[in-house]
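In what follows, a structure is listed as structure tokens, so that the remarks can point back to it.
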Amino acid sequence: MAFCEEIKTKEELYEVLTLIYDIDEKTAEIIKDNLTNRHRLSESEEILLESHGIEKDFIESIQNNKNLTGYDIEEPNISSVGPFFYINNKLYTHSVAVKDFKNDERFCNDPISHFDYFNSLGIPGDYGNYPRGRVIYDTLRDEYIVYMDKSIMTEDIIESVMLAYCLEERKTVFRTDAHYKHDNL
């Protein structure tokens, strides 16, 4: 696409998403902000864009565009929190940057439920059929707690979660929790 190379600002990206690809304004705003905060799109955001007919080349170009992602700024990756699913060997994440929470909160946790997030993915079945987890930040202990189904507590999936949420190894603990156990249907 010729206009991919012409996108120089986050506002131009917003206009392309809303005017050319007919993405609703709220979703386009979230994608624009998340791309700025996380320096990449989540798997679910990529799927959403593809479902609107956006080509993979365009998606890659906006993720690699320094004007949009802030790579030229000497800023570390921003850690985030939120729910995730592991479905068909893919990690689906929903996240909110920790910096977006108030300083007086003990626990930072993305308010979206697994039920609502799963419904937004458009995957058939019940969310309880799939392994899932959640990343929470404890401000008092300066620690990220990752709760997840024990069936996905493997080295490669742990590494994927660490990368997706920009977590520091020394500040992160992983715990199994029966709440995130799936029913294997």
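Some observations on this one:
- With a threshold of 30 Å on the Cα-Cα distance, the over-threshold entries among Lys26/Lys181; Lys32/Lys90; Lys32/Lys181; Lys56/Lys181 are Lys26/Lys181; Lys32/Lys181; Lys56/Lys181.
- Simple spin-label estimate for Glu6 and Asp183 gives 5.2 nm between the two label positions (7 Å along the Cα-to-Cβ direction from each Cα).
- Each Lys and Arg contributes +1 and each Asp and Glu -1, all at the Cβ; summed about the Cα centre of the chain, the dipole is approximately 700 debye.
- Phi-based couplings in Hz for the range 147-158 (Karplus 6.51, -1.76, 1.60; Gly and Pro marked x): 8, 7, 4, 5, 5, 10, 7, 10, 4, 5, 6, 4
- Cleavage-rule hits, GluC sites (Glu not before Pro), the range 138-179, DSSP coil, Cβ neighbours within 10 Å at most 13: Glu168
- Phe107-Lys56 FRET efficiency (beta carbon distance; Förster radius 45 Å; 0.05 resolution): 0.75
- Neighbourhood charge, 12 Å Cβ-Cβ cut-off, centred on Leu121 and excluding it, Lys, Arg +1 and Asp, Glu -1: -2
- Exposed chymotrypsin sites (Phe, Trp or Tyr not before Pro) absent - longest run of the chain, DSSP non-H/G/I/E/B, at most 16 other C-beta within 10 Å: 102-185
- Largest-first principal axis extents, alpha carbons of the chain, Å: 49, 39, 28
- Residue-by-residue Karplus 3J(HN,Hα) for the range 105-110, coefficients 6.51, -1.76, 1.60, Hz, glycine and proline x: 7, 6, 10, 9, 8, 4
Since every read-out is calculated from the coordinates, none of them should be taken as a lab result. Just so it is clear, the structure is predicted and the values come from calculations on it, not from any experiment. Note: ideal-geometry Cβ built from the backbone for every residue, glycine included; neighbour counts use all protein chains shown.
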